[in-house]
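Engineer: What follows is a single structure, and I will ask about it in a moment.
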């Protein structure tokens, strides 16, 4: 094979490798449906955590739920509840569902053999995404009926609506939250 063709093939393979690495993110090796053991490094808010697995730092978004933003009513309480369910430095199980558009792993956290995602909803610290998890909708309804957590408010504002409506939140988030964490 002529030297020119070998150089072209190597250039194409190199370009493909560079492009693939840009889209893969840091957690290419983790597959949907996989269950892994990890250690909790940080609980950012009521639906986002940073985990450590085999020396890799993983940013994880809890599947099927949407917790209040930190500046929103019950935002800090939601984060604190998740910290109580999954203490820092504790060993947990993560059931991986998929990777989101921000490169985060989306999954179910099992802390002390409990589904922390479900517990956040059941205790009134997060909304259930009906499009993702009908199982959690049942827990949300029970929390509403018992006025638990954020359901003690007359008209709690969904985090998705809060993010859209609050320019103050956008300014604060831009200054304090890494771009990859903004939704």
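Throughout, read-outs are computed from the coordinates displayed, never taken from laboratory work. These numbers come from a predicted model, not from an experiment. For neighbour counting, all protein chains shown are included, and Cβ atoms are generated from backbone atoms with ideal geometry for every residue, glycine included.
Engineer: Which value in nm describes the separation of the simple spin-label points at residue 83 and residue 130, placed 7 Å from the Cα toward the beta carbon?
Structural biologist: With each label placed 7 Å out from Cα toward Cβ, I get 3.4 nm.
Engineer: Order of 32, 133, 78 from fewest to most other C-beta atoms within 10 Å? Walk me through the numbers on the way to the answer.
Structural biologist: Numbers: 32 12, 133 20, 78 28.
Listed from fewest to most nearby Cβ atoms, that is 32, 133, 78.
Engineer: How would the range 26-99 be classified by its alpha-carbon gyration tensor: rounded, prolate or oblate, with rounded meaning a/c under 1.5 and the a/b versus b/c comparison settling the rest?
Structural biologist: Prolate shape, in that a/c is at least 1.5 and a/b is the bigger ratio.
Engineer: Which FRET efficiency value, to the nearest 0.05, is calculated for residue 146 and residue 101 with the Förster distance at 45 angstrom and r the Cβ-Cβ distance?
Structural biologist: The value I calculate is 0.85.
Engineer: Kindly identify the range 62-136 as rounded, prolate or oblate by the Cα gyration tensor criterion: order the square roots of the eigenvalues as a ≥ b ≥ c, call it rounded if a/c is under 1.5, otherwise compare a/b with b/c, prolate if a/b is larger, else oblate. All intermediate terms of the calculation are to be shown ahead of the outcome.
Structural biologist: Values: a/c = 1.34, a/b = 1.06, b/c = 1.27.
In terms of gyration-tensor shape, rounded.
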